[in-house]
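The values are calculated or read from the model by the stated rules, or taken from the named source; none is laboratory data. Bear in mind the structure is a predicted one, so any value in this text is a computation, not a measurement. Reconstructed Cβ throughout: ideal geometry from the backbone, glycine too, with neighbour counts over all protein chains shown. SASA here: full protein model, heavy atoms, side chains in, ligands and nucleic acids out. Shrake-Rupley method; radii C 1.70, N 1.55, O 1.52, S 1.80 Å.
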Amino acid sequence: MVNSRWWQEAVFYQIYPRSFADEDGDGMGDFAGIIRQLDYLEHLGIDAIWLSPHYPSPQVDCGYDISDYIGVAPEYGTLDTFRAFLEGAHQRGIRVVLDLVLNHTSDQHPWFQASRSGRDHPKRDWYVWRDGRTGTDGERLPPNNWESSFTGSAWEYDPATDQYYYHHFLKEQPDLNWRNPEVRAAMWDVVRFWLDLGVDGFRLDAIATIYEHPDLPDHTSDMTLLDLYAVWATAEDPDVLAELGREWERLFEYQFDLPEVHDLMKDLRQLVNGYGDVVLIGEDEKIAYYGSGDDELHMVFNFELMRTRRLTPPQIRANQAERLAQLPDGAWPCNTLGNHDSPRVKSAFGDGVHDAELARLSLALLLTLRGTPFLYYGEEIGMVNRVLDSLEQFRDTLALRQYALAVENGFSEDRAFALVRKATRDVARTPMQWSNAPNAGFSPAGVDTWLPVHPNYAEGVNVADQLDDPTSMLAFYRRLLAVRRSSPALRLGEYESVLEDGASCLAFLRRVPDQLCLVVLNYTAQTQSLAPDLPYRVTEVMFSTPARSGPIDLVALTVAPYGILIAEVAVA
Ligand code: GLC
């Protein structure tokens, strides 16, 4: 038997609390709603929930601006409703991982309120305060040229104490000063609070931004982030995209990925190790955050896969070859194709014609690659981006600020709107579509939901219509999740690529001592004939679209358009 930890075998499902289930009918989700849907999640077959921030927050960045780390947002419930949720999940064998935002708090957090109250306040140094500079005409300038990764200066002037504070994200999200040991002690108390309540781990927000260079050297890029985004919005050429990536690194050279983060992660790992089998997942793709393999984070996301414009077999093969080879001994991969910051899987990887087929391939890929898969709510019913029609509908402050900045910088309103309309993260955060009732059954009829519901709930993109339809996306998710759950090789096996140069199909083996599985995914609209040249025969078809009957010949294997084959094989 392979020795494994629960989070290696688990399939995670991300819940965005504002959009999952609205029990009290106020147009946004809540814990009572999530509790009501726990049976649904159990039926779906997921093993763990990653809950996006549920803490009290002014919601300027949709909960990623926390004003109380040990509370529950009143619109979502109370600590008691949270406990009931946790207990209900655990009773069903579902673990719960919280979102932990270490880099910054809300500007409404009492720590920041205290810090900004005076230069001599004992909490002044809990945040990053600096004097400004004076320009050649005597004008007041920020301490340096650093930008916020949400565009615009990273410094906000505070007239009351005549200093600037640093914010890597919005100005309402001041960065904590992690060089101050009191900050670490206070945040580790927060971690203990939730672990004592029984949560199973944390997804760590934006870890790379926790430290910045203490000497504040100017960055050396000639571009502003807004310029960069404007080019990026339409760029297709891989060389141009790669150059933009390098430019981005120049822009954030001194604000990103400082070596100090690793010591901090080691410290946090030590803390959680004292709680048994608790998991830490970093919002980053860099292998370095695994440390030696068991002394920093348990997992970081394979974001390269999620951020590719089109998933193709050669590109997936290259990603796997490179990434799996880089992992230190004992480190475990983690794959995802969508979350609350990125477009919906069906929209992102569709071609406009075969979106449903490609979405199914995406799930098959995620559930069969080596590593822990993360799904995003609504993906299982084929929810797609809800492109918004007007700025008034936007809730993503990032997009609103970018729009304002673009107009300020001479963009026409139309051009500025075009820039943010598709990029706003709102498109993937709309309410879960539960049924073909008004408001998709998320909120009662007539209630204004916090973001508009996608109208396609009336065309079958909803849970109720799909539950009993064996051909639905939801049925497909359930079947494939069950196949993965029943197969030790798919959950834990080694990965071995087959068909090294095939452009149309991806094929690989997953192997544990007791089981060997072959996975073949056809990424084209044509039937493909393959001769994988393997010394194996198929002993059982575990999953196939379309369904197959009769023996399968691995010497002359045909795979239907967008076909999926998962088979157990043995030596011929
Ligand atoms: C992370 C979150 C994102 C948030 C940002 C700032 O990237 O995923 O939603 O806006 O951090 O907290």
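Some values worked out for this structure:
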quantity: Selection from the stretch 93-106 of residues that are within 13 Å of the ligand (Cβ to nearest atom) and touching a helix residue (DSSP H, G or I) at 6+ places or on another chain (Cβ under 9 Å); calculated: Leu100, Leu102, Asn103, His104, Thr105, Ser106
quantity: Residue check, Ser149 open to solvent by 10 Å² or more (accessible area, probe 1.4 Å), in contact with a helix residue (DSSP H, G or I) (Cβ under 9 Å, 6 or more places away or on another chain) and within 13 Å of the ligand (Cβ to nearest atom); calculated: yes
quantity: Condition check for Gly71: under 12 Å from His54 (Cα atoms) and in contact with an Asp or Glu (Cβ under 6 Å, 6 or more places away or on another chain); calculated: no
quantity: Single residue of the stretch 171-214 satisfying the filter (away from the ligand (no atom under 16 Å from the Cβ) and charged (D, E, K, R)) that is surrounded by the fewest Cβ atoms within 10 Å (Cβ to Cβ); calculated: Asp196
quantity: Count of residues meeting criterion [within 20 Å of Tyr16 (Cα to Cα) and open to solvent by 10 Å² or more (accessible area, probe 1.4 Å)] in the stretch 350-383; calculated: 1
quantity: Residue that is farthest from the ligand (Cβ to nearest atom) [pool: residues in the stretch 248-268 that are touching a Leu at 6+ places or on another chain (Cβ under 9 Å) and open to solvent by 20 Å² or more (accessible area, probe 1.4 Å)]; calculated: Tyr254
quantity: Failed item in (1) part of a helix (DSSP H, G or I); (2) under 30 Å from Val555 (Cβ atoms); (3) open to solvent by 20 Å² or more (accessible area, probe 1.4 Å); (4) of a type outside the set (Asp, Glu), with Ser497 passing the rest; calculated: (1)
quantity: Test result for Val512, at pLDDT 95 or above and in contact with a helix residue (DSSP H, G or I) (Cβ under 6 Å, 6 or more places away or on another chain); calculated: yes
quantity: Close pairs from the stretch 395-414: first over 29 Å from Arg18 (Cβ atoms), partner of a type in the set (Asp, Glu), Cβ under 8 Å, at least 6 apart; calculated: none
quantity: Flag if Arg323 is in contact with a strand residue (DSSP E or B) (Cβ under 8 Å, 6 or more places away or on another chain) and either part of a loop (DSSP other than H, G, I, E, B) or open to solvent by 10 Å² or more (accessible area, probe 1.4 Å) (or both); calculated: no
quantity: Qualifying residue in the stretch 107-120 (condition: modelled with pLDDT of 95 or more and part of a strand (DSSP E or B)); calculated: no
quantity: Positions within the stretch 63-74 being within 13 Å of the ligand (Cβ to nearest atom) and more than 11 Å from Asp99 (Cβ to Cβ), in sequence order; calculated: Asp65
quantity: Any chance Gly138 is without any contact (Cβ under 8 Å) to a residue 24 or more places away in the chain, open to solvent by 20 Å² or more (accessible area, probe 1.4 Å) and among the small types (Gly, Ala, Ser); calculated: yes
quantity: Some residue of the stretch 14-25 being out of contact with any helix residue (DSSP H, G or I) (no Cβ under 8 Å at 6 or more places or on another chain), part of a strand (DSSP E or B), under 15 Å from Arg429 (Cβ atoms) and not assigned by TED's automatic domain parsing to the domain that holds Arg511; calculated: yes
quantity: Residues of the stretch 56-98 classified as outside any helix (DSSP H, G or I), over 14 Å from His109 (Cβ atoms) and not aliphatic (A, V, I, L, M), total; calculated: 9
quantity: Qualifying positions in the stretch 401-447 - within 16 Å of the ligand (Cβ to nearest atom) and in a loop (DSSP other than H, G, I, E, B); calculated: Ala423, Thr424, Arg429, Thr430
